[in-house]
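See structure below.
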Amino acid sequence: MEYTHKPVLLQECLEGLNIRPEGVYVDGTLGRAGHSREIARRLTAGRLICIDRDQAALDAAAQRLAGFLDKVTLVHGNFGDVAAILEGLNIPAVDGMLFDLGVSSPQLDDGSRGFSYLQDAPLDMRMDQTAPLTAHDVVNGWSQEELKRILWQYGEERYAGVIAAAIIRERSKALIETTGQLVEVIRAAMPGRAQREKQHPAKRSFQAIRIAVNDELGEVERMLDSALDLLRPQGRLAVISFHSLEDRLVKTAFAQWAKGCTCPPDFPVCVCGKKPRAKLIGKRPIVAGQAELEENPRARSAKLRVAEKI
């Protein structure tokens with residue numbers, strides 16, 4: 001198969017990373033390897049560490065990174081564990097890291113993985129198919145209050161309460177086994193006006209369950225806790241987020257690194273002594289231009305933020 005995948009905000013990521021040919025870089029979310037391929041293409045004596053929790057992405061990398069594998073190390077793991085991964089590879093610091101937080105297109109397009117509300121499949125939603133927790137476990141095992149919490153917190157679903165109650169009612173009769181069954185439960189629970197909205201009625205709920213199954217926000221938090229320490233001075237961290245929950249975490253961490261001082265705003269002078277640890281590359285997040293949106297509508301919600309270690 002000819003390699004034709006167009007990764008999100010590709011040129012902007014390459015510019016943001018400011019790649020040095022002899023540098024060491026991390027692509028923490030390999031996916032279809034679109035970003036990795038272009039990073040590796042720009043390396044001479046450098047090295048690229050590619051991490052993905054989905055073994056299918058790593059299995060496909062040999063073809064997608066053909067011609068560059070001598071510069072690449074493939075790792076099956078979670079990007080939240082990037083510190084431990086680099087330690088295991090005896091790499092104390094790197095020159096740049098990229099994290100594309102979106103669900104990869106093959107996962108969405110493969111109906112059997114259970115990510116899509118448009119295709120009927122077993123309730124799974126695991127990015128790492130060796131992980132123990134599935135969407136089936138969440139939907140059929142978690143309490144009504146916990147379901148309501150994740151639907152509201154992770155999906156920003158305003159009908160979280162009635163959807164959670166409907167799930168509990170239906171599963172008391174028989175387990176909810178497939179994505180199609182879950183879609184019908186959600187659809188039936190929502191008022192008519194919500195069903196007539198342009199957005200699919202199950203979109204927010206499926207996002208919430210997927211985030212819970214994969215602990216996506218926890219992975220982002222763990223990555224942000226360690227990323228800056230793993231960069232060399234002038235090294236850059238680039239993060240692409242696709243919804244407000246992820247972007248808020250990234251924006252807050254970057255702002256704290258750039259500010260440094262933690263004294264209350266009403267203090268006349270700084271007494272904490274903390275200095276800025278990074279500078280922001282650009283005052284606003286970078287978003288896709290019209291040409292990219294026409295080519296790849298999935299880029300519409302993408303936001304790229306870049307920070308450079310001082």
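Overview of results
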read-out	value
Viscosity 0.890 mPa s, 25 °C: Kirkwood-radius Stokes-Einstein D of the chain over Cα pairs, µm²/s	118
GNM flexibility winner over the chain from A165, A40, A66 (Cα, springs under 10 Å)	A66
Share of Cα-Cα pairs in segment 132-253 lying beyond 21 Å, as whole percent	45
Low-density loop positions, GluC sites (Glu not before Pro), segment 146-241 - DSSP coil, at most 12 other Cβ in 10 Å	E197
Descending semi-axes in whole angstrom, ellipsoid equivalent of segment 1-159, from the Cα gyration tensor	32, 17, 15
Computed helical MRE - 222 nm, the chain, DSSP H runs ≥ 4 contributing -39500 (n - 2.57), nearest 500	-12500 deg cm²/dmol
Accessible heavy-atom area order of C13, C270, highest first, probe of 1.4 Å	C270, C13
Solvent exposure ordering (accessible area, 1.4 Å, most first) of D27, D110	D110, D27
Centroid-to-centroid separation of segment 135-180 and segment 245-310 [C-alpha atoms, Å]	34
Accessible-area ranking of W152, W142, largest first, probe 1.4 Å	W152, W142
Quarter of the Cα convex hull surface for segment 182-310, i.e. its orientation-mean projected area (nm²)	11.9
Charge context of F254, other residues only, Cβ under 10 angstrom, K/R +1, D/E -1	+4
Net lengthening on full extension, R42/S112 (0.36 nm per residue, minus Cα-Cα)	21.6 nm
Accessible area of the chain belonging to carbon and sulfur atoms, whole % at 1.4 Å probe	52
Local electrostatic count at E216 - Lys and Arg +1, Asp and Glu -1, tallied over other residues with Cβ under 9 Å	-2
Probe 1.4 Å, accessible area per residue of the chain, Å²	48
Long pairs among K148/K283; K6/K148; K148/K173, criterion Cα-Cα beyond 29 Å	K148/K283; K6/K148
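The values are calculated or read from the model by the stated rules, or taken from the named source; none is laboratory data. Note that the structure is predicted; figures quoted are calculated from it, not measured. Backbone-built Cβ (ideal geometry, glycine too); neighbour counts: all protein chains shown. Calculation scope for accessible area: heavy atoms of the full protein, side chains included, ligands and nucleic acids excluded. Shrake-Rupley method; radii C 1.70, N 1.55, O 1.52, S 1.80 Å.
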